[in-house]
Amino acid sequence: MERKAIDPSQVKGWGVDADPKNDPTYPMKNRNDGEHAGYSWERPPQQPITVEVLHSNERPDVTSVFGTSTPPLGLSGALRRLGFRYSESSYGHWLPLVLADRVSVAEGVLEDLKQGQVPNVFAERGWKAEWEHNRTSLVRRVLVRAVLVSAAVAYLRRRRGGS
Amino acid sequence: MLAMNYRGPLRVRIDHKPEPEILHPQDAIVRVTRSCICGSDLHLYNGSVPDTRVGMTFGHEFTGVVEQIGEQVEKLKVGDHILVPFNIACGTCVFCQQEMYGNCHESNPQASAVGGIFGYSHTAGGYDGGQAEYARVPYADVSPTVIPEGMDLDDAVLLTDVVPTGYQAAEMGGIQPGDTVVVFGAGPVGIMAARCAWLFGAGRVIVIDCVDYRLEFARKYAPCEAYDFRSLEDPVLFIKRTTDFLGADVCIDAVGAEAAGSALQTVLGRKLLMQGGAATALHWAINSVKKGGIVSIVAVYGPIDALVPVGNVVNKGLTIRANQASVKRLLPRLIEHVQNGILDPKAMITHRVPLEDVSDAYRIFSAKLDECIKPVLIPPSART
């Protein structure tokens, strides 16, 4: 849609109550009204785009620098690409990303196994620290879970035996 | 090099990763000397920030020695020992030009709502962070600052986030002499916000949390009144009663997405991830502040909606001020405060942990074990 220019100075009453001191953004923002000139600043040089970079559709381009950690891959990558079709204001953007995060956990386990590494989930979850500093609670949680799992297994076995 | 490696919610480990390279003429590579775990890292650790990818290295509070510089870096030189503010800021965009260094428009392609942050998911730019032996630092001439001679490294590393964020929380509160300031959250940022509220002339400072040892620490460090909300009938009612039923002049939310205290918020925000975190503290802040009061938010929430009583914001005529701290803007003043002994950040560090034990450090901080206030990771090269 073409924007029709209106000269504000021709609008009756324009600026009569303007008060530059009424600026609740100060000192967070040292106002210079530069944004009125739009996306016009002299940009830093562009970092070469050597990996796939998904960019928000609320901006026209990739920023001058960006992180190159973990480019999108696999099923989680496809979900992320889907999410980036939608604006940051849309659940269509965030929900696929949340789902992709969960999928990438499974992909991470597969990747570990492919490299011959079985993830040590207990160490990754810091159970050594739990054992040192919170032993009673850790033991209680493990026992409660063991009891619940045993009860569930016993219940299923009994049902299977009965049928 | 050794680097922290995120493997999924509540799972992190130390791994070998390739060393970072210069990817842009304004980059520097630093050898990390200190790297903290931040309370906001726990949002990533718990899996509540969208686009947190398996394989990423966290860490946005770090110091390091410059090892390499890009061809356009002029202010820093190899060998400088620097503190690296958590915001990645270009210094040239319209927002940086207005000193909003936490809102840079040239550092995060993935989201327009937040600038780039080291090691803070792809929603904040997809940069690997400083919980590693080495890190890539973009725009090295803009925010990174040479550590003043004689400054303790433990003070310096807390100037990258905790101190400026706590200070800005108080600053945004527009505190007037004699004001009553309530800080929700007795984590490192909340404690620092309470400490800094006095610098702006507060007449009374109250901290609300539910972790006894942290409340005790806040009482001594800030110093301030500190209350466990579990022992109060209702924290909002308590604030009203203790302020002649008017409410506090300023309320600060320094908790964010992991808040306890409301079953509904916990289920929706932390368990089902149906909102951008549990907004319990913000809910209390809005309801505890007086009519015409100010709510200052530095706590981190996810980008999805969160339930807060917005009707009360309107009906009470509140001003809400919020932002990521603009570290570069605040650093000169805060360095002065540390050098003059007004602020003592390093007193908050309770755990100095080898980088190799990152899984345990996360667990200790996350589960609030061993009376942990603030853990710092130390890479092997900085331990000799």
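The values are calculated or read from the model by the stated rules, or taken from the named source; none is laboratory data. Fair warning: this is a prediction, and the values are worked out from it, not measured in the lab. For neighbour counting, all protein chains shown are included, and Cβ atoms are generated from backbone atoms with ideal geometry for every residue, glycine included. Ligands, DNA and RNA are excluded from the accessible area calculation, which covers all protein heavy atoms including side chains. Shrake-Rupley method; radii C 1.70, N 1.55, O 1.52, S 1.80 Å.
Just a few scattered comments:
- A search for C-beta distances below 6 Å between a residue of the stretch B:370-384 that is small (Gly, Ala, Ser) and any residue that is crowded, with 19+ Cβ neighbours inside 10 Å, counting only pairs 6+ apart in sequence or on different chains, returns B:Ala382/B:Thr33.
- Complete set of residues in the stretch B:235-284 that are surrounded by fewer than 24 Cβ atoms within 10 Å (Cβ to Cβ) and among the small types (Gly, Ala, Ser): B:Gly247, B:Ala260, B:Gly261, B:Ser262, B:Ala263, B:Gly276
- For the stretch B:9-52, a tally of residues being part of a loop (DSSP other than H, G, I, E, B) and touching a helix residue (DSSP H, G or I) at 6+ places or on another chain (Cβ under 6 Å) returns 5.
- Every residue from the stretch B:104-127 that is modelled with pLDDT of 95 or more, of a type outside the set (Gly, Ala, Ser) and either under 18 Å from the mean Cα position of the chain (by Cα) or not assigned by TED's automatic domain parsing to the domain that holds B:His43 (or both): B:Cys104, B:Ile117, B:Phe118, B:Tyr120, B:His122, B:Thr123, B:Tyr127
- Number of the condition not met by B:His81 [criteria: (1) more than 22 Å from A:Pro60 (Cβ to Cβ); (2) touching a helix residue (DSSP H, G or I) at 6+ places or on another chain (Cβ under 6 Å)]: (2)
- Residues of the stretch B:126-168 that turn out to be away from every other protein chain (no Cβ under 14 Å), hydroxyl-bearing (Ser, Thr, Tyr) and crowded, with 24+ Cβ neighbours inside 10 Å, as a count: 1
- Check on B:Gly119, facing chain A (nearest Cβ under 10 Å) and over 30 Å from A:Asn32 (Cα atoms): yes
- Within the stretch B:312-323, the presence of at least one residue that is surrounded by 17 or more Cβ atoms within 10 Å (Cβ to Cβ), in contact (Cβ under 8 Å) with a residue 12 or more places away in the chain and more than 14 Å from chain A (Cβ to nearest Cβ) is confirmed.
- Total residues in the stretch A:51-60 satisfying the condition of being within 18 Å of A:Arg80 (Cα to Cα), of a type outside the set (Lys, Arg) and either at the interface with chain B (Cβ under 7 Å from one of its Cβ atoms) or more than 19 Å from the chain's Cα centre (by Cα) (or both): the figure is 5.
- Among (1) under 16 Å from B:Tyr45 (Cα atoms); (2) not in a helix (DSSP H, G or I), the one test that A:Gly108 misses: (2)
- Looking at B:Ala193, B:Ala186, just one residue is in contact with a Lys or Arg (Cβ under 8 Å, 6 or more places away or on another chain) and of a type outside the set (Val, Ile, Thr), and that residue is B:Ala186.
- Which numbered condition B:Thr384 misses (of (1) open to solvent by 60 Å² or more (accessible area, probe 1.4 Å); (2) away from chain A (no Cβ under 11 Å); (3) within 30 Å of B:Val267 (Cβ to Cβ)): (3)
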